């Protein structure tokens, strides 16, 4: 957990192993960590709240694609401040 996550007002969701493995396999961990803490947490919570494994996989794929393309966050336009 990074220091920014302590400032979140939402519940904090620790990263599950399957998400971590997917980020590492696709070489996207650095891009994930460069996103604001609230976005990191929102992605994890959104993935984990899915009731069906298929839905979790679909949401994970969307997160990975958005990170890779770098222009979306939860289907909304995103522009890095860096």
Going by what's in this entry, would residue 62 be described as assigned to a helix (DSSP H, G or I) and in contact with a strand residue (DSSP E or B) (Cβ under 8 Å, 6 or more places away or on another chain)? no
Within the stretch 17-52, restricting to residues that are closer than 18 Å to residue 81 by Cβ and more than 8 Å from the chain's Cα centre (by Cα), the one that is surrounded by the fewest Cβ atoms within 10 Å (Cβ to Cβ) is 30
Residues located in the stretch 21-34, provided they are out of contact with any helix residue (DSSP H, G or I) (no Cβ under 8 Å at 6 or more places or on another chain) and assigned to a helix (DSSP H, G or I): 21, 24, 25, 30, 34
How do the pairs read when you match residues in the stretch 11-31 that are without any contact (Cβ under 8 Å) to a residue 24 or more places away in the chain with residues anywhere that are in a loop (DSSP other than H, G, I, E, B) and surrounded by 15 or more Cβ atoms within 10 Å (Cβ to Cβ), using Cβ under 9 Å and keeping only pairs 6 or more apart or on different chains? none
Quick check on the stretch 10-17. Is at least one of its residues in a helix (DSSP H, G or I) and modelled with pLDDT of 95 or more? yes
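Quick grid of which residues meet (1) at pLDDT 95 or above; (2) closer than 20 Å to residue 14 by Cβ:
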residue	(1), (2)
58	yes, no
67	yes, yes
76	no, no
80	no, no
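The values are calculated or read from the model by the stated rules, or taken from the named source; none is laboratory data. Since this is a predicted model, take the numbers as computed values, not measurements. Virtual Cβ from ideal backbone geometry, glycine too; neighbours counted across all protein chains shown.
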